[in-house]
Amino acid sequence: MDARFLGITELTETPSVAVVIDVMRAYTVAAWAFAQGAEKIVLAESLDEALALKARHPDWVALKDGPPAPGFDAVNSPAVLRSADLTGRTVVQKTTAGTVGALAVKDASLVLCASFVVAEATARLLRTGGCDSVTFVVTGEDGRADEDLACAQYIARRVTEPGTDAAEFLRRAGGSRAAAELAEGVRQGAHPDDVALCLELDRFPFAMAAAREDSLMVLRPRAVPAPTGGARV
């Protein structure tokens, strides 16, 4: 598989297959939302759009980066979301990097959104789908965020080498600037457990695929068949 690793601003053409990576925290949060029962996640282009969608659909759950704000129901924290009952709900998500990255490749034939918690399911989907060329969108720090790059490189490696050990990739993510800022409380709207939750490998057995639905970019979980022999996802 030919893998490219690009920042959002480096995307000069629409890739055929894109995997958008945001470890800390957009696509760890999204996975937790699905685990808590959410039906779908609408990726908003702006805070104003998120609030407008919430106004039109009061039963939707709106979340954003940073501290709590009027009109939003939650912050972009996996630790906060893990106690929420989202059964059958629609979540509207707007973040600094993750949602921006997905919207930047919205015309790709396949858009997956990923983090470590869905790494193996994502790799397996790419592997079974026979994807010859994949662009990994490294969303943080203009493509230089080591937690996102490490996760992207790990998933890419797992596609062709399923036995790849995650230890070094997780170590890099744990030593990243984003992890330090979350741990030190530099980033608002964070929970002390966020870093640990973002570094949980293969917590969930599904991948996450985004596609246009009417005028919106919508993320949904995608089941990935387990390999024969009962191996753990």
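We did not get these values from a lab; they are worked out from the coordinates using the rules stated. Keep in mind that what you see is a predicted model, and the values were worked out from it rather than measured. Ideal geometry is used to build each Cβ from the backbone, glycine not excepted, and the neighbour counts take in all protein chains shown.
Annotations for the structure displayed:
- Three semi-axes describe the equivalent ellipsoid of the stretch 110-157; taken as square roots of 5 times the Cα gyration tensor eigenvalues and ordered largest first, they are 19, 11, 9 Å.
- Highest mean packing comes first when the peptides 145-152, 99-106, 174-181, 49-56 are listed by Cβ atoms within 10 Å, giving 145-152, 99-106, 174-181, 49-56.
- Extended-chain gain in nm, criterion 0.36 nm per residue less alpha-carbon gap, T9 and A223: 74.0 nm
- Net dipole in debye of the stretch 2-220 [+1 Lys, Arg Cβ; -1 Asp, Glu Cβ; about Cα centre; nearest 20]: 320
- Diffusion coefficient, µm² s⁻¹, Stokes-Einstein with Kirkwood Rh over alpha-carbon pairs of the stretch 153-201 at 10 °C and 1.306 mPa s: 133
- Quarter of the Cα convex hull surface for the chain, i.e. its orientation-mean projected area (nm²): 11.8
- Segment D107-R56, extension gain: residue separation times 0.36 nm, minus the distance between their alpha carbons: 15.8 nm
- Rounded, prolate or oblate (a/c below 1.5 giving rounded, otherwise prolate when a/b exceeds b/c) for the stretch 140-230 by Cα gyration tensor: oblate
- Which of T128, T95, T28 has the fewest Cβ neighbours within 10 Å, and the rest in rising order: T128, T95, T28
- Within the chain, the whole DSSP H helices whose Cα atoms reach 15 Å or more along their own axis and whose mean Kyte-Doolittle score is at least -1.0 are 146-160.
- C-alpha center-to-center spacing [the stretch 110-137, the stretch 25-67] in angstrom: 22
- Here the extension length gained between D214 and E168 equals 12.4 nm, from 0.36 nm per residue of separation less the Cα-Cα distance.
- The alpha-carbon positions of the stretch 23-149 define a convex hull whose volume is 117 Å³ per residue.
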